[in-house]
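Take a look at the structure set out below.
The values are calculated or read from the model by the stated rules, or taken from the named source; none is laboratory data. Treat the numbers as computed from the prediction; the structure is a model and nothing was measured. Quick reminder, even Gly has a Cβ in these numbers, built from the backbone with ideal geometry, and neighbours come from all protein chains shown. What goes into the accessible areas is simple: the full protein's heavy atoms, side chains included, and nothing from ligands, DNA or RNA. Shrake-Rupley method; radii C 1.70, N 1.55, O 1.52, S 1.80 Å.
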Amino acid sequence: MNDDIENIPFLRFAKQDIPFELISIRELYQRVSEQNFDLSKPHRIDFHALIIVFGGKSKHTIDFKEEAISTGTILPIKRGQIHSFNKQETVKGYVIGFEDAFITQNINDKNLFHFLQIFYTPNIQIGKKSINSIESILLLIERLVEDGDTNLKAEIICSSFMTLLFQIKRLACKQHIFFETERLKNFYLFKESIIKNYNKLHSAKDYAKKLNVSYNYLNNICKEITNKTAKEFIDGWLLLEIKRNISENKYTSQEIAFKMGFKEPSNFNRFFKKHTKITPLQFLENLKKNNSI
């Protein structure tokens, strides 16, 4: 049995000439079944995805946390996250997949912030009646995706996709807090800096200096957006990357320790046990026991 976490590029299952696709959940299950791929096995995606549920109930695991999904659930999944579907197809709806470039090359800064606001809200829930109001937009996007005319196709689809996100945001405003644009932008830059430097920098003050903001300001926006201090957010991201590496089951603890920027494996083990109450080896054994890998 191969226990490695598979990295799924956009073109692994997509059938489009642009880096964007919208398909039904049923079609996704059928498509991966034809390629003998098990959606319930944890896999890492190299693109972004948006799951929109119109009916039924299920569970979806994202980065080792189980999310309940049902009618009205909008579930954003970011590039690099490890996730898995339920073994059986028990919900109906749509899955949208797209690469970074599709967003960054086709929208302005203002709309980028709206996109970030949606994708930094882990599990969006809108009313059962409201979910039907976005179906017409999805059907429009579906027709555009299937259109064989490639002239301005990406630009038109991107514009329609942003309309969908605006409608989702509007319908979710009563139940979710969406953060002020400038502070969200700075938080986004902080997170992007962590992604690039987590294996070298573990100090919140170092990140504040790198971003040219005060430590207090960085701490405040982290508390506002994540309910964590900047240091807690850094440690949480580092811990998640460690778990991702352990789950791939192809590195020793010592290799992961050095890869994550720990000079001594003992410090790495101490850090992991402090946050999880178990050792890295016990974490891997638990994953195997629960058939997560």
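What does the extension gain come out to for residue 70 and residue 250, with contour length at 0.36 nm per residue minus their alpha carbon separation?
On the way: separation 180, 0.36 × 180 = 64.80 nm, distance 3.50 nm.
My answer for the length gained is 61.3 nm.
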statement: Quick numbers on the chain, Rg and Dmax over C-alpha atoms in Å, give 19.9, 59
Per residue, in Å², the accessible surface of the chain once ligands and nucleic acids are set aside, probe 1.4 Å: 51 Å²
- request: Relative to the longest principal axis of the C-alpha atoms of the chain, give the angle of the C-alpha long axis of helix 265-276, reported between 0 and 90° and rounded to the nearest 10°.
  value: 50 degrees
task: Would you check the accessible area of residue 215, probe 1.4 Å, heavy atoms only, in square angstrom rounded to 10?
output: 80 Å²
statement: At q = 0.11, 0.13, 0.17 1/Å the base-10 log of I(q)/I(0) from the Debye formula over the alpha-carbon atoms of the range 140-293 is -0.67, -0.83, -0.99
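Mean projection of the alpha-carbon convex hull of the range 41-131 over all orientations, in nm²?
Values: hull surface 23.9 nm².
Mean orientational projected area (the range 41-131, Cα hull): 6.0 nm².
In the range 14-76, what is the volume of the convex hull around the alpha carbon atoms, normalised per residue and reported in Å³?
Details: hull volume 6.4 nm³, N = 63.
Output value, Cα hull per residue: 101 Å³.
Let me know the charge dipole size of the chain about its Cα centre in debye, to the nearest 20, where only the beta-carbon of Lys, Arg (+1) and Asp, Glu (-1) is charged.
1260 debye
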message: Just want the answer: with Cβ charges of +1 for Lys and Arg and -1 for Asp and Glu, which residue in 251, 230, 281 is farthest toward the dipole's positive end in the range 213-291?
response: 281
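Over the chain, what is the mean sequence separation of C-alpha contacts under 8 Å (at least six apart), divided by residue count, expressed as relative contact order in percent? Before the final figure, lay out the partial values.
Details: 405 pairs, mean separation 47.6, N = 293.
About 16 percent, as a whole number.
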message: What are the equivalent ellipsoid semi-axes of the range 113-220, built from the alpha-carbon gyration tensor (square roots of five times its eigenvalues), in whole angstrom, biggest first?
response: 35, 19, 10
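Would you mind working out the magnitude of the charge dipole of the range 206-293 relative to its Cα centre, with +1 at each Lys and Arg C-beta and -1 at each Asp and Glu C-beta, to the nearest 20 Debye?
Numbers: 16 positive and 9 negative charges, 29 e Å.
Charge dipole of the range 206-293: 140 debye, to the nearest 20.
List the GluC sites (Glu not before Pro) within the range 200-293 that DSSP assigns to loop and that have no more than 14 neighbouring Cβ atoms inside 10 Å. Write down the numbers at each step before the final one.
On the way: sites: 224, 232, 241, 248, 255, 285; in loops: 248.
Within the range 200-293, no GluC sites (Glu not before Pro) qualify (loop, at most 14 other Cβ atoms within 10 Å).
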- request: Find me the longest stretch of the chain that has none of the exposed trypsin sites (Lys or Arg not before Pro), where exposed means in a DSSP loop (not H, G, I, E or B) with at most 13 other Cβ atoms within 10 Å.
  value: 88-173
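As a test of understanding, state the convex hull volume per residue of the range 194-281 from its alpha carbons, in Å³.
Values: hull volume 8.3 nm³, N = 88.
So the per-residue Cα hull volume is 94 Å³.
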task: Give me the distance in nm between label points sitting 7 Å out from Cα along the Cα-to-Cβ direction at residue 189 and residue 258, one decimal.
output: 3.5 nm
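Can you work out the FRET efficiency for the pair residue 273 and residue 135, with r the C-beta to C-beta distance and R0 = 51 Å, to the nearest 0.05?
Values: r = 48 Å, r/R0 = 0.94.
E(calc), rounded to 0.05, equals 0.60.
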- prompt: Among the aspartates and glutamates, which fall within straight-line cross-link reach of residue 169, defined as a Cα-Cα distance under 16 Å, with same-chain neighbours fewer than 8 residues apart omitted?
  reply: 135, 180
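Loop-only check: which chymotrypsin sites (Phe, Trp or Tyr not before Pro) in the range 220-293 are DSSP coil with at most 14 other Cβ within 10 angstrom? Can you show the working numbers first?
On the way: sites: 233, 237, 251, 258, 262, 268, 271, 272, 283; in loops: 251, 262.
When the chymotrypsin sites (Phe, Trp or Tyr not before Pro) of the range 220-293 are filtered for loop state and at most 14 Cβ neighbours within 10 Å, 251 remain.
Given R₀ = 51 Å, FRET efficiency for residue 57-residue 215 by Cβ-Cβ distance, to 0.05? Don't skip to the answer; put the middle values down first.
Details: r = 44 Å, r/R0 = 0.86.
Given R0 = 51 Å and the Cβ-Cβ separation, E is 0.70.
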